[in-house]
Amino acid sequence: MEPLKIGNIILPHRAVFGPMAGFTDAPCRRLMAQHGAGFTVSEMVSSRALVYGDHKTVSLLKAEPNGAPYGVQIFGEVPEIMGEATAAIEQYEFDFVDINMGCPAPKIVSGGAGSKLMLDPDRCGRIVEQVVANTKRPVTVKMRKGWDADHITAVECAKACEQAGAALIAVHARTREQMYTPGIDPEIIARVKDAVRVPVLGNGDIHSAEDAVEMMRATGCDGVMIARGALGDPWLFERVNAAIEGLPAPKAPNLQARMNALRRQVEEMVEQKGEFVAMPQARSQTMHYMKGLKGAANLRRYCCTLTHLEDLDELIDAVFEEQRKAGIDPDDVREVPFP
């Protein structure tokens, strides 16, 4: 199988980590890359804020070396402002620019950006044209199936984006109206793949290696973008990569490895943002690590109370205790320090 490329960038793997507002900060991105994400992308940043030099917005862009290509995702509805924003960030270290045409959040679409752009393929093309004109880096696009059942526009938007210079297109196979349910429509990914020559990534409902392989088989897409499915389970990338590449499935992490990853991620969040900002954000991150554990409901309630970093160690103690109470040997070897 030929390597997957974004312009002149060769991706190490065909499963990549998709951006999610409030989740894909630098510690989260690094963790996913360490476990095999083919690339990672920043949280989306406002093109207007970048043009106006908003320092808080710029801080979201900071790349941390993590062993995988890293893209900055920008959003906006005005082609010229998107171009100016791209020029404004050209000085920073990153590998590609990603344009958000898929966010369904009301505060984004009410201004005409995100998935609202799916109603206007011509505007999609003009935005890509302006971004491409203001960077030497490859430009990618994340889009949805369309706006609603009456406006299934992914094929038209993808064609417009490719013609304007996009190097890769990722398709979330739901409309904005559908948000994140019900199940995805693989056919729209297949139709986009047939309509363009640039690589196409399929996105939506990938929670296992089997899901990823089936999406690629059913749609002919070049790779998969995983987002929510990898939260609390960065090892998903290892499993998916092995399945795509025809390699044996890797050994599953024991509970100690899972808790080590959780603690490392939250520690880095605190180092970067300070405890006051990081710990409330860590509550939602930690909840994802409780998936599949005995006593998960009680443990998730515990996650909601995290205020200080030392609270995390009490949560981890509770995790091991709940497994012991359920008669499970949790492989507790914490005399080895956390990495």
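The values are calculated or read from the model by the stated rules, or taken from the named source; none is laboratory data. Fair warning: this is a prediction, and the values are worked out from it, not measured in the lab. As a convention, Cβ positions derive from the backbone with ideal geometry for all residues, glycine included, and neighbour counts pool all protein chains shown. For the accessible areas, the whole protein counts, side chains as well, though only heavy atoms, and no ligand, DNA or RNA atoms are used. Shrake-Rupley method; radii C 1.70, N 1.55, O 1.52, S 1.80 Å.
Scanning segment 59-80 for residues that are open to solvent by 30 Å² or more (accessible area, probe 1.4 Å) and in a helix (DSSP H, G or I) yields a total of 2.
In segment 10-41, of all residues being β-branched (Val, Ile, Thr) and touching a Gly at 6+ places or on another chain (Cβ under 6 Å), the one that is surrounded by the fewest Cβ atoms within 10 Å (Cβ to Cβ) corresponds to Val41. Close Cβ contacts (under 8 Å, 6 or more residues apart or on different chains) running from residues in segment 199-220 that are outside any loop (DSSP other than H, G, I, E, B) to residues that are open to solvent by 50 Å² or more (accessible area, probe 1.4 Å) comprise Gly202/Pro186; Ala209/Arg239; Ala209/Ala249; Asp211/Asp205; Met215/Pro186; Ala218/Pro186; Thr219/Pro186; Thr219/Glu187. Of all residues in segment 126-138, one or more are under 20 Å from the mean Cα position of the chain (by Cα) and crowded, with 19+ Cβ neighbours inside 10 Å.
Here is the figure for segment 83-100: residues that are touching a residue at least 40 places away in the same chain (Cβ under 8 Å), open to solvent by less than 40 Å² (accessible area, probe 1.4 Å) and under 21 Å from the mean Cα position of the chain (by Cα) total 7. Residues that are in a loop (DSSP other than H, G, I, E, B), of a type in the set (S, T, N, Q) and under 23 Å from Asn8 (Cβ atoms) within segment 81-113 comprise just one, Gln91.
Taken together, the residues in segment 168-184 that are surrounded by fewer than 22 Cβ atoms within 10 Å (Cβ to Cβ) and either over 21 Å from Ala15 (Cβ atoms) or modelled with pLDDT of 95 or more (or both) amount to 5. Candidates are the residues of segment 162-221 that are of a type in the set (Asp, Glu) and within 18 Å of the chain's Cα centre (by Cα); the one that is nearest to Leu247 (Cα to Cα) is Asp211. Residues in segment 145-167 that are under 21 Å from Thr219 (Cα atoms), out of contact with any strand residue (DSSP E or B) (no Cβ under 6 Å at 6 or more places or on another chain) and of a type in the set (A, V, I, L, M): Ala149, Val155, Ala160.
List the pairs whose first member sits in segment 291-311 and is open to solvent by 80 Å² or more (accessible area, probe 1.4 Å), whose second member is not in a helix (DSSP H, G or I), and whose Cβ atoms are under 8 Å apart, counting only residues at least 6 apart or on separate chains? The qualifying pairs are Lys291/Gly232; Lys291/Asp233; Lys294/Ala326; Lys294/Ile328; Arg300/Met290.
Tell me whether segment 259-271 contains one or more residues that are of a type in the set (A, V, I, L, M, F, W, C) and part of a loop (DSSP other than H, G, I, E, B). Scanning segment 259-271, I find no residue that is of a type in the set (A, V, I, L, M, F, W, C) and part of a loop (DSSP other than H, G, I, E, B), so the answer is no.
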